[in-house]
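The values are calculated or read from the model by the stated rules, or taken from the named source; none is laboratory data. No experiment lies behind these values; they were computed from the predicted model shown. Note that each Cβ is placed from the backbone with ideal geometry, even for glycine, and that neighbours are counted across all protein chains shown.
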Amino acid sequence: MKKSRFTEEQIIGFLKQAEAGMPIKDLCRKGGFSDATFYKWRAKFGGMDVSDAKRLKELEGENAKLKKLLAEAHLDIAALKGVFGVKR
């Protein structure tokens, strides 16, 4: 996964500036990112505080770990079925 140049705090800061009335084109030019990136951030982080964004990041990491564990468990089950010849 690609690492962003901006932290969650910076992203939420940009979103707060846009809510305060700064034109989006100027904000994007000043921050060095595209309009599409801004709208993607607004869809993901809109209405959040910094603490909410940090909690979201923690939950996404935990979710990725759980998905990996589940995939490994399914592989183990499939291997055991193959070894013992259980019909599918």
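Taking the numbered list (1) surrounded by 10 or more Cβ atoms within 10 Å (Cβ to Cβ); (2) without any contact (Cβ under 8 Å) to a residue 24 or more places away in the chain in turn, Phe14 passes all entries but (2). Looking only at the range 9-55, which residues are modelled with pLDDT of 90 or more, assigned to a helix (DSSP H, G or I) and of a type in the set (A, V, I, L, M)? Ile11, Ile12, Leu15, Ala18, Ile24, Leu27, Ala36, Ala43 - these are the residues of the range 9-55 that are modelled with pLDDT of 90 or more, assigned to a helix (DSSP H, G or I) and of a type in the set (A, V, I, L, M).
For Phe6, state whether it is assigned to a helix (DSSP H, G or I) and touching a residue at least 12 places away in the same chain (Cβ under 8 Å). The answer is no for Phe6.
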